[in-house]
Amino acid sequence: MEGSLPTTPKPAAPAPAPASDRRLILCMAIGQTIGWGTLFASFPLFGAPLEAEFGWTRTEFNTGLTLALLISGLVAVPVGRWVDRRGGRWLLALGGWAGAALLAALAATSSLPVFWLIWAGMGLVQACALWGPAMAVVVTTARDPVRSIAGITFVTGFTNTIFVPLTALLIAQLGWRGALLCLAALQLIPGMLALRLLPPAAPRGRATGQGAFSLARAVRSRAFLGIAGSLAAHAFIGVGLGAHVIPLLREKGLPEASVLLLVSLHGPFQVAARAALYGLGQRVTMRSVGRLGASLVPLAMLALALAPADFAWLVLFILAWAMADGLMTIVRAAGVVEILGRDGYGAITGALSVATVLPRTLAPVAIALIWQGAGGYGPVPWLLAGLGALGAAAFALAAAQPPPASQPGVGT
């Protein structure tokens, strides 16, 4: 009112906590499993039919996913700021529906430039509808964010198990265009779940005063730099291994059945680690979980480097790597809150996504060049072990920093 005394601006109120996290977990688990399955995991299966029909090279086809990864990283910070200020309910819904529209558009394309343009748009969809904004909603609305994230990732760990054979079956039965239309129809579900199961976002004003959040200040902190370095190393190793682990294991002289079984064990081991963390609940901190997960990465790579061509020895590599992968996925979401606080969570996680863009996009090519130059994969596990050790040291640096004085911890 005019003439009233000035008042001290109040910080934005957090979204009201629901009585139970079950609806939130259900929404995010189903929505993210479908989203990652249709918008990411199914992509490689369309390579062979599109290359055969249009004569595209493997590099031309994979340029689509590279564009998506780059765009997704570039827009991660503004998307995160949007979630911080306006919430993520409608962003997840509209992003999911836009993904369905782009999948349908892919089914109608026969032009390589149009294919690339659609995948550039898919990068924007991935930034809006997948992990970053989804976890921002969980962090701001869940009663117990750590257990909620663990529960969600327990389900999403089966994404490849569900969508790789499903997409292959759809392509075999309906052709690649029909398969894309089916995936587009499935991708409508996450948006409907978001509007039906997620609570409306609480009004969020801009923070003001001495405690105002500054992304520029946050990204210069030792804690942020440590987490960013750790996640960048993990991204390089994860994406690089994802592209090369099968030929690497074949080069060791393992039978094909053993190679495929080892790779297939990654998912169950990863889910087992997440289930154990869910059961522990608040009895562990994200700092301790992150230290364990980051330390397991170089150990796994050393096991890969030193193991003979023996299935039992290489199971140790898969076990350590899958556990590290499963735990670090949760640390990326919940550990950021514990170490850096809730303030500006969306923008901070967006900045962390930017830090992993180049490692994710360059890893497959870099490892391929090493393989070509060395005449084999011999040096690769040692390189990855070194990067893993640097990542573990970087996380230890971040975990050693005191928590933000004004921020509540996870689950408080």
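Closer than 25 Å to Leu74 by Cα, modelled with pLDDT under 90 and of a type in the set (A, V, I, L, M): is that true of Ala405 in this structure?
For Ala405, the condition - closer than 25 Å to Leu74 by Cα, modelled with pLDDT under 90 and of a type in the set (A, V, I, L, M) - is not met.
Mind listing whichever residues of segment 29-57 are modelled with pLDDT of 85 or more and exposed (fewer than 14 other Cβ atoms within 10 Å of the Cβ)?
Passing the criteria: Ala52, Glu53, Gly55.
Only one of (1) in the same structural domain as Gly378 (by TED's automatic domain parsing); (2) of a type in the set (A, V, I, L, M, F, W, C); (3) at pLDDT 85 or above; (4) surrounded by 18 or more Cβ atoms within 10 Å (Cβ to Cβ) is not met by Leu225, so which one is it?
Exception for Leu225: condition (4).
Which of the following residues is surrounded by 23 or more Cβ atoms within 10 Å (Cβ to Cβ) and of a type in the set (S, T, N, Q): Thr349, Thr361?
Details: Thr361 fails: surrounded by 23 or more Cβ atoms within 10 Å (Cβ to Cβ).
Just one listed residue meets the conditions, Thr349.
Which one of the conditions (1) touching a residue at least 40 places away in the same chain (Cβ under 8 Å); (2) in a helix (DSSP H, G or I); (3) more than 19 Å from Gly238 (Cβ to Cβ) does Ala312 fail to meet, given that it meets all the rest?
Going through (1) touching a residue at least 40 places away in the same chain (Cβ under 8 Å); (2) in a helix (DSSP H, G or I); (3) more than 19 Å from Gly238 (Cβ to Cβ) one by one, Ala312 breaks only (1).
Please return the ranges of helices (runs of 4 or more DSSP H) entirely within segment 103-210 where 2 or more residues are aromatic (Phe, Trp, Tyr) and under 24 Å from the mean Cα position of the chain (by Cα).
Working: elements: 112-129, 131-141, 145-156, 159-186, 188-197.
Qualifying helices (runs of 4 or more DSSP H): 112-129.
Arg283: in contact (Cβ under 8 Å) with a residue 40 or more places away in the chain, basic (Lys, Arg) and in the same structural domain as Gly386 (by TED's automatic domain parsing), yes or no? Steps first, answer last, please.
Details: in contact (Cβ under 8 Å) with a residue 40 or more places away in the chain: no; basic (Lys, Arg): yes; in the same structural domain as Gly386 (by TED's automatic domain parsing): yes.
It is false that Arg283 is in contact (Cβ under 8 Å) with a residue 40 or more places away in the chain, basic (Lys, Arg) and in the same structural domain as Gly386 (by TED's automatic domain parsing).
Scan segment 58-76 for residues that are of a type in the set (D, E, K, R) and loosely packed, with under 15 Cβ neighbours inside 10 Å and report the count. If you could, list the steps in order and put the result at the bottom.
Looking only at segment 58-76, we keep the residues that are of a type in the set (D, E, K, R), and these are 58, 60.
The next check asks that each one be loosely packed, with under 15 Cβ neighbours inside 10 Å; those that pass are 58.
Of the residues in segment 58-76, 1 are of a type in the set (D, E, K, R) and loosely packed, with under 15 Cβ neighbours inside 10 Å.
Being surrounded by fewer than 24 Cβ atoms within 10 Å (Cβ to Cβ) and either modelled with pLDDT under 90 or within 16 Å of Ala233 (Cα to Cα) (or both) is true for just one of Gly373, Gly293, Gly335. Which residue is that?
Working: Gly293 fails: surrounded by fewer than 24 Cβ atoms within 10 Å (Cβ to Cβ); Gly335 fails: surrounded by fewer than 24 Cβ atoms within 10 Å (Cβ to Cβ).
None of the others qualify; the one that does is Gly373.
Identify all residues within segment 243-275 that are in contact (Cβ under 8 Å) with a residue 60 or more places away in the chain and under 30 Å from Val336 (Cα atoms); write none if there are none.
First pass over segment 243-275, keeping only residues in contact (Cβ under 8 Å) with a residue 60 or more places away in the chain: 243-244, 247-249, 251-252, 254, 267, 270-271, 274-275.
Selection gives Ala243, His244, Gly267, Gln270, Val271, Arg274, Ala275.
The values are calculated or read from the model by the stated rules, or taken from the named source; none is laboratory data. Everything numeric here is computed off the predicted structure, so don't read it as measured data. So basically every Cβ, Gly included, is an ideal-geometry build from the backbone, and we count neighbours across all protein chains shown.
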